[in-house]
Amino acid sequence: MKVTCIGIVGGSGAGKSTLCMALLDAYPDHIGLVQLDDYFKPSEEMPVVDGIVSSDHPESLYLDQIAEDLKELKKGNSVFINTKNERLNPDYKETGKRMRVQFVPKPIILVEGFLVLQDQAIRDQLSTSIWLDVPHDIRWSRRVHFKYDEYEKKILIPMHEKYVEPSKIYAEHCIDVSNQTKEQVFEQVKEILTPYLST
């Protein structure tokens, strides 16, 4: 089985996870999902910026491990990931503990996260990538974690401008989703994925 990795990228709150879950539901036998959120380091190992622990810095993630896991999946090998995905780890909100889960190869592996294109080793594993473009104010209104004004001003905006936004140049497809419904976005992405679904 040929395994194709496709990046789903954009700033925090762009709608990446929502899109990926919809695609998983539509094509459960053909699509798998690897999320950067499952590769965060413990908070004590994350960089501190202006006295605030930054979860939006590349050094807050085991990016090298993501690249290695994608290589294994493309070889047809399963990998084990400590996930907090609520579908696979429904008790995460209560326990705060990740669950070690086996991820098996699928024809398409979506690679979802805000820094997917910032890291060259991860980019090298992708066949294509889709950037969900949304203005900051909309993304901030959707953000769930670390949502307070000081974090937004001192961490989120500077990190996005320094690391996330510049990586948009590597995206093969860029979709302005700010004025579109989830269904409209889904249809556009489905069209992009169709050639890979049929191989």
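The values are calculated or read from the model by the stated rules, or taken from the named source; none is laboratory data. Just so we're clear, the structure is a prediction, and the values are computed from it rather than from any experiment. In this analysis, Cβ positions are derived from the backbone assuming ideal geometry, glycine residues included, and neighbour counts consider all displayed protein chains. Accessible surface areas use protein heavy atoms only, side chains included; no ligands, DNA or RNA. Shrake-Rupley method; radii C 1.70, N 1.55, O 1.52, S 1.80 Å.
For this structure, a couple of remarks:
- The one condition from (1) open to solvent by less than 80 Å² (accessible area, probe 1.4 Å); (2) closer than 22 Å to Leu193 by Cα; (3) out of contact with any strand residue (DSSP E or B) (no Cβ under 7 Å at 6 or more places or on another chain) that Gly96 does not meet is (2).
- Number of the exception - Gln118 against (1) within 16 Å of the chain's Cα centre (by Cα); (2) more than 16 Å from Gly11 (Cα to Cα): (2)
- Residues being buried (at least 16 other Cβ atoms within 10 Å of the Cβ), of a type in the set (A, V, I, L, M, F, W, C) and outside any helix (DSSP H, G or I) - total across the range 52-76: 2
- Check on Leu88, aliphatic (A, V, I, L, M), open to solvent by less than 60 Å² (accessible area, probe 1.4 Å) and either closer than 20 Å to Ser129 by Cα or not in a helix (DSSP H, G or I) (or both): no
Here is a yes/no grid of residues against (1) part of a loop (DSSP other than H, G, I, E, B); (2) farther than 22 Å from Val164 by Cβ; (3) touching a strand residue (DSSP E or B) at 6+ places or on another chain (Cβ under 8 Å):
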| position | (1), (2), (3) |
| --- | --- |
| Gly13 | yes, no, no |
| Cys20 | no, no, yes |
| Leu24 | no, yes, yes |
| Val34 | no, no, yes |
| Asp38 | no, no, yes |
| Glu44 | no, yes, no |
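- From Ile109, Ile175, Ile155, residue being over 20 Å from Leu70 (Cβ atoms), surrounded by 12 or more Cβ atoms within 10 Å (Cβ to Cβ) and touching a residue at least 60 places away in the same chain (Cβ under 8 Å): Ile155
- Complete set of residues in the range 178-187 that are surrounded by 15 or more Cβ atoms within 10 Å (Cβ to Cβ) and in a helix (DSSP H, G or I): Val185, Phe186
- Within the range 129-163, the set of residues being touching a Gly at 6+ places or on another chain (Cβ under 6 Å) and closer than 19 Å to Cys20 by Cα comprises Ser129, Trp131, Leu132, Arg139, Arg142, Arg143.
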